[in-house]
Every structure is written in structure tokens, then in C-alpha cells.
Amino acid sequence: MPRSRILAAGLAHLAQGLYGLACALVGRRLYSRGYFERLYRRGSDPWNYSTSDYEQRKYRLVLEILPRASYSRVLELGSSEGVFTAMLGPLGTEVLGIDISHLACERARARCAPFPNIRFRAADIREAELEGRFDLILCSEVLYYLGGRRVLAGVRDKLADLLADGGQLVLVNPLPLAWWVHKVFRANRELQLLHEHLERDLRRPYAITLWTKVPEQVTSAASTPAATAP
Ligand SMILES: C[S@@+](CC[C@H](N)C(=O)[O-])C[C@H]1O[C@@H](n2cnc3c(N)ncnc32)[C@H](O)[C@@H]1O
């Protein structure tokens, strides 16, 4: 790829990242359901997930970071048109994709029709009530659309509640926004960072992180000084 195109793509993503960061910091809810419905109405696969080498590599890296080959219940947040969800089909007994856009969910259902274990639900994760626990939760390129620190912290706690003990959570976020997201996630004592992969792609660098849930009584026992023998 010519150097000028890499530079232009890098600058465009940097500007988008800084804009997202500024919006997140001031806590504005810019990205409503209407925003995403309009985007999907303009055409299918708005981020070229099914054709872009960059995106396909990202999906491979996410699958590689997973410590287990199979899961019983998988939740994908911001599942879009189901390009990545289709790759999760063989991993989970049950896979649920949630997306704020009804149109994206409709297209995702059509794409994943061959997988009876994959379901989609059109819902805003900030408000959705979900049942049961998941042993794998994936949030790729979605958390920075949710709002400011308080909103993100609310979703973080909801995800921690939905995660089974010892379950795994994967976050994918562009840099430098990822640092802000990680700081918010570190503040939940049940979530423990296990692994971080930094992809230094010049067009748009990003971080993939793997977290696990350690039940609160274990984390507080670990931080309490051991009782001394009389
Ligand atoms: C950039 S796409 C990422 C798609 C997918 N996770 C991937 O990496 O291939 C972000 C998706 O998140 C969805 N989304 C944004 N805000 C959401 C919210 N509050 N609740 C659920 N989905 C949301 C959008 O509709 C969009 O499909």
C-alpha cells in the first residue's frame, strides 16, 4: 500500500479516535440507535468487515487470544451484521449477539442462518436486561460508542455481573482510546486483566485485552493481610 494512503488512513483514524475520546470524556450520547440505523440503511457492511484484511486479522487475533476451544454461553456485544459472530458459531453451545440496530440484527440473522446455535437481539446494551451468565463475552469496537465514564462504568458492571466466575471477557479498542477504557475496567475489582496484545498497525493501532472474573470474596481475601498466629 502506498505510504501516502497509510498516512491518510492513520490521520483519519487518529482524528476519529480523538473525537471519540473527547465525546467520551464529556459524556455525550452521540451514538443513538438512529445514528446506527441510518448508517446501515446507507449500505451493508459499513466497516467492510467481510472483506478487509485489517478486520479479518483482528478477528483471527481475537480468536487466538482465547484460552479455551469451547464455551457454553457466548455473548457478543455490538454484533453488527454478524460477520464475526459467524466465526464464533463453532466455539459456543449457545451464542447471543446484541446490537442496537434492528437492521444490522436482521442482516446478521440472515448471515448466520446456517448456525442454529446463534441468536441475535436488537437492544441497547445500556438498557438491556439479559438473563443468566456467559462464560465468554466479546466487546469489539463498541464500548467507545456508549458514552462517558459513568455510562461505561455502568456497562462494565453489567458485563461483570453477566460473566460467570472464571469466565472470560475480551475487549478490542483502538489506541489511544483503549487506555481510557482499560482504566475504567480496572476499577472493577472482580475483573482481572490476564493478557494484552497491542497491534501497532500504522493505519489504526488497537489493543486486544483478555480479562477474567474473580469473585469478589476471593479478591477481598487476597487483599486482606493474613491473620497472624497468636
Ligand atoms: C464498529 S461496529 C463493531 C462490530 C463488531 N463488534 C466487530 O468488531 O466486527 C459497532 C457496533 O456496535 C453497535 N452498537 C453501538 N452502540 C450500541 C449499544 N449501545 N448497544 C448495542 N450495540 C451497539 C452498532 O450498531 C455497531 O453495529
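The set of residues in segment 32-55 being outside any loop (DSSP other than H, G, I, E, B) and near the ligand (Cβ under 10 Å from one of its atoms) consists of ARG33, TYR35, PHE36, GLU37, LEU39, TYR40, GLU55. Restricting TYR40, TYR35 to those that are modelled with pLDDT under 95 and surrounded by 12 or more Cβ atoms within 10 Å (Cβ to Cβ) reduces the list to TYR35. Put simply, of LEU163, LEU146, LEU193, LEU202 the only residue that is modelled with pLDDT under 95 and more than 13 Å from the ligand (Cβ to nearest atom) is LEU202.
Flag: ALA113 matches the condition of being away from the ligand (no atom under 12 Å from the Cβ), small (Gly, Ala, Ser) and either surrounded by fewer than 21 Cβ atoms within 10 Å (Cβ to Cβ) or in contact (Cβ under 8 Å) with a residue 40 or more places away in the chain (or both). Scanning segment 129-143 for residues that are surrounded by 14 or more Cβ atoms within 10 Å (Cβ to Cβ) and either more than 13 Å from the ligand (Cβ to nearest atom) or over 13 Å from the mean Cα position of the chain (by Cα) (or both) yields LEU130, ARG133, PHE134, ASP135, LEU136. Taken over segment 124-174, the criterion of being touching a residue at least 60 places away in the same chain (Cβ under 8 Å) and either out of contact with any strand residue (DSSP E or B) (no Cβ under 9 Å at 6 or more places or on another chain) or acidic (Asp, Glu) (or both) is satisfied by ASP124, ASP135, GLU141, TYR145, LEU146, GLY147, GLY148, ARG149, ARG150, VAL151, LEU152. Here ASN188 meets the list (1) modelled with pLDDT under 95; (2) in a loop (DSSP other than H, G, I, E, B) almost entirely, failing just condition (1). Looking only at residues that are modelled with pLDDT under 65 and not polar (S, T, N, Q) in segment 205-230, which one is surrounded by the most Cβ atoms within 10 Å (Cβ to Cβ)? Per the stated criteria, the residue is ALA221. Taking segment 112-165 as the range and being of a type in the set (Lys, Arg), closer than 22 Å to SER101 by Cβ and outside any helix (DSSP H, G or I) as the test, the residues that pass are ARG119, ARG121, ARG126.
Residues of segment 62-81 that are among the charged types (D, E, K, R) and in contact with an Asp or Glu (Cβ under 7 Å, 6 or more places away or on another chain): ARG73, GLU81. Would you confirm, using the coordinates I've provided, whether TYR71 is surrounded by 19 or more Cβ atoms within 10 Å (Cβ to Cβ), modelled with pLDDT of 95 or more, more than 13 Å from the ligand (Cβ to nearest atom) and not polar (S, T, N, Q)? In short, yes. Looking only at residues in segment 90-131 that are among the basic types (Lys, Arg) and closer than 24 Å to SER32 by Cα, which one is modelled with the lowest pLDDT? Per the criteria, the residue is ARG126.
The values are calculated or read from the model by the stated rules, or taken from the named source; none is laboratory data. All values derive from a computational prediction rather than experimental measurement. Neighbour counts are summed over all protein chains in view; Cβ atoms, including those assigned to glycine, are modelled from backbone coordinates with ideal geometry.
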